[in-house]
Amino acid sequence: MTRQRQRRPGEHGLTLIEVLVAMGLFFVVTIAILELYSASVAINLGSMARTDLVYKCERVVETIRWVEALKRLETPPDLSGYGVNLASQAGSTVTLPTDPANGSWGKAGANVLDDAQRYTISYDVVDNVDFWTVTVTAKPKTAGLMYIGAGISSKVVRYVAQIPKA
């Protein structure tokens, strides 16, 4: 026969088994929460990379618009450093230089290129009747200095703009 221990009045507490089960449950819940936190950090870093790439594409389009607008002046300034000539570039892909010290696309110019350049930028030009269609593509680098985050190689950004011809 087994004898059960009866509690005396005023005796409180938990058995060792109850404490171990509670600690195990706490451990499992804590690990799940930490996994969610680390996943959210990776997703946020990927979103930061995409935001940076969209910003760089916008800067390229706005610089091309600016160059095209200045070309319409009676005496346009020398804009040859930018290498923007939509008429001759129609149907081709133009890759921006990678040197952040570039006077046109670097910090001294359009500020598209930076010291920690973790991307490559190019643009395509399509000649339409009344306007140019410019598609700027920014791709994260997959070697060397690069972005970190979830699915970073799939964060390619394509930014499309129409620029009037006259």
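Summarising the overall dimensions of the chain from its C-alpha atoms, the Rg and Dmax are 29.5, 110 angstrom.
Across the chain, the mean sequence separation of Cα contacts (distance under 8 Å, 6 or more residues apart), normalised by length, yields a relative contact order of 24 percent.
Among 94, 60, 112, the residue with the largest mean-square fluctuation in a Gaussian network model of the chain, with springs joining Cα atoms closer than 10 Å, is 94.
Note on the chain: GNM, Cα springs under 10 Å; of 97, 76, 140, the largest mean-square fluctuation is that of 76.
Counting other Cβ atoms within 10 Å, keep those with at most 13, restrict to DSSP loop, and tell me which GluC sites (Glu not before Pro) in segment 47-113 are left. Please report the intermediate quantities before stating the final value.
Numbers: sites: 58, 62, 68, 74; in loops: 74.
Qualifying residues, ordered by number: 74.
A cut-off of 5 Å between modelled amide H atoms, ignoring neighbours fewer than 5 places along the same chain, links residue 120 with 139, 141. Of the trypsin sites (Lys or Arg not before Pro) found in segment 135-166, those in coil by DSSP whose Cβ has at most 15 other Cβ atoms within 10 Å are 141, 165.
As an exercise, identify the trypsin sites (Lys or Arg not before Pro) in segment 60-115 lying in DSSP coil whose Cβ has no more than 10 other Cβ atoms within 10 Å.
Working: sites: 65, 71, 72, 107; in loops: 72, 107.
Sites meeting the loop and neighbour criteria: 72.
Taking amide H as placed 1.01 Å from N in the peptide plane, the amide H of residue 131 sits under 5 Å from that of 165, each at least 5 places away or on another chain. Please determine, in degrees from 0 to 90 and to the nearest 10, the orientation of helix 16-71 with respect to the longest principal axis defined by the Cα atoms of the chain, where the helix direction is its Cα long axis. Tilt relative to the chain: about 10 degrees. Springs join every pair of Cα atoms under 10 Å in this Gaussian network model of the chain, and among 61, 19, 125 the largest mean-square fluctuation is at 19.
Using the number of other C-beta atoms within 10 angstrom as an exposure proxy, rank 66, 132 with the fewest first. Kindly include the intermediate steps, with their values, before the conclusion.
Values: 66 14, 132 19.
Ranking 66, 132 by Cβ neighbours within 10 Å, fewest first, gives 66, 132.
Values quoted throughout were computed directly from the atomic coordinates according to the rules given, and no laboratory measurement underlies them. Here the structure is a predicted model, which means the values were calculated and not measured. Please note: Cβ atoms are built from the backbone with ideal geometry, for glycine as well, and neighbour counts cover all protein chains shown.
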